[in-house]
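The values are calculated or read from the model by the stated rules, or taken from the named source; none is laboratory data. Worth saying up front: this structure is predicted, and the values here are computed from it rather than measured. Please note: Cβ atoms are built from the backbone with ideal geometry, for glycine as well, and neighbour counts cover all protein chains shown. Please note that ligands, DNA and RNA were not included when accessible areas were found on the heavy atoms of the full protein model with its side chains. Shrake-Rupley method; radii C 1.70, N 1.55, O 1.52, S 1.80 Å.
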Amino acid sequence: MLKPALLFILALVTTFNLHAAQQPYKRTLKLMGSRFDITVVADNEAQGEAYIDWAVAEITRIEKLISSWDPNSHTSAINANAGKKPVKVDRELIELIQRAIAISKLTDGAFDISYASMDKIWKFDGSMTAMPDAQTITNSVEKVGFQNIVIDSEASTVFLKKEGMKIGFGAIGKGYAADKAKQLLIEKGVSAGIINASGDMNTWGKQTNGNPWKVAITNPLDKNKVFALLPIVNSAVVTSGDYEKYVTFNGTRYAHIIDPRTGYPATGIISATVFAPKAELADALATSVFVMGIEVGLNRINQLPGIECIIVDDQGNIHKSDHIEIEKP
């Protein structure tokens, strides 16, 4: 369920009015193991740099909270005590896990933060010469299941029922961090900006010329051609997909995004782009749509108000949800 950084969604931030009092200031850096591009609108460079520093500090705080690589994080403590005892954690982490479970229920388990328990039997580095056998695939997900995440809201504890279970936020963490950084900057009075977390884009306000921020979406099979130009106003856009990391067996192309319910890689889709009010939600739903497939994924998205989706299938065909308007470049 890990989602790679995709470069075929590009923020179009080059049409600023250079005569406006405020200007955009941008910094690119590595956070949460990924590239982050943080752009803010400010009166001057010193102010812009200070704004960006606030965002970086908030993203770093979130990483320390949810990282499963940091042995001192609450997430690591939950995993270390799987099958043993509940672990008391920050209220913020409890609420994030509760929202993740709600998305698991909404997507019939296509999204599941306990995917981290999966045995890594699929290799997408060119070393695989044959599919794993069916029993090995079945065994790989035996400790996965959001139903086995027990939350005691009053005690603020999390318990994983099965020993060896693990939770991870690879398919939701960057989106959540982008949301929190955006929220902090808005509270600090920053009028506009974009936080781009390796393709997980979150915007607020407008460009200094008064126009909305826009994203250009290209077909990953032909990255030189833009097929959609879409405004994003105080919202987020996230792409889940894989046009490089995959294997092909018996004529079927298997992407590196694994269905946590079955252990089999997703098929049929190269990219799924979701537009939503928050990057956390768009992040989770993009992965979910990729796993659910075109028909089921679009049907689910069409039932959710304020959420839209564009899918590119493995033949390069474009599919979209009912209410999205695609502006040709």
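Checking each residue of segment 309-320 against the condition of being outside any helix (DSSP H, G or I) and free of Cβ contacts under 8 Å to residues at least 12 places away in the same chain gives at least one match.
Are any residues in segment 179-218 more than 19 Å from the chain's Cα centre (by Cα), in a helix (DSSP H, G or I) and crowded, with 16+ Cβ neighbours inside 10 Å, and if so, which ones? Passing the criteria: 184, 185. Output the number of the condition that residue 38 fails; it satisfies all remaining conditions of (1) within 21 Å of the chain's Cα centre (by Cα); (2) surrounded by fewer than 20 Cβ atoms within 10 Å (Cβ to Cβ). The failed condition is (2). Take the residues in segment 138-178 that are within 23 Å of residue 291 (Cα to Cα) and of a type in the set (Val, Ile, Thr), then tell me which one is surrounded by the fewest Cβ atoms within 10 Å (Cβ to Cβ). For segment 138-178, the residue satisfying everything is 138. Here residue 276 clears all of (1) surrounded by 23 or more Cβ atoms within 10 Å (Cβ to Cβ); (2) on the phi > 0 side of the Ramachandran plot except the condition numbered (2). Scanning for something in a helix (DSSP H, G or I), charged (D, E, K, R), closer than 25 Å to residue 279 by Cβ and in contact with a Leu (Cβ under 9 Å, 6 or more places away or on another chain), does segment 100-115 turn up at least one residue? Checked segment 100-115: no residue is in a helix (DSSP H, G or I), charged (D, E, K, R), closer than 25 Å to residue 279 by Cβ and in contact with a Leu (Cβ under 9 Å, 6 or more places away or on another chain). Of everything in segment 68-114 that is among the hydroxyl-bearing types (Ser, Thr, Tyr) and free of Cβ contacts under 8 Å to residues at least 60 places away in the same chain, the residue that is nearest to residue 288 (Cα to Cα) is 104.
In segment 281-300, the qualifying residues are those that are within 20 Å of residue 235 (Cα to Cα) and aliphatic (A, V, I, L, M), and the one that is farthest from the chain's Cα centre (by Cα) is 298.
Regarding residue 208, is this residue in contact with a Pro (Cβ under 8 Å, 6 or more places away or on another chain) and over 26 Å from residue 76 (Cα atoms)? Answer is yes for this residue.
All conditions but one from (1) over 29 Å from residue 297 (Cβ atoms); (2) not in a helix (DSSP H, G or I) apply to residue 128; the one that does not is (1). Here is a check on your reading of the model: is residue 234 over 25 Å from residue 43 (Cβ atoms) and not hydrophobic (A, V, I, L, M, F, W, C)? No: the conditions fail for residue 234. The residue that is farthest from residue 186 (Cα to Cα), among those in segment 246-264 that are open to solvent by 10 Å² or more (accessible area, probe 1.4 Å) and part of a strand (DSSP E or B), is 249. Quick check: is even one residue across segment 282-291 part of a helix (DSSP H, G or I), acidic (Asp, Glu) and at pLDDT below 95? Yes, that holds for at least one residue. Just need a number here: residues in segment 219-245 that are open to solvent by 40 Å² or more (accessible area, probe 1.4 Å) and either under 19 Å from the mean Cα position of the chain (by Cα) or aliphatic (A, V, I, L, M) (or both). Total satisfying the criteria: 7.
For first residues located in segment 122-138 and within 14 Å of residue 265 (Cβ to Cβ), partners that are open to solvent by 50 Å² or more (accessible area, probe 1.4 Å) and part of a loop (DSSP other than H, G, I, E, B) and lie 6+ apart or on another chain with Cβ distances below 7 Å form the pairs 124/245; 137/264.
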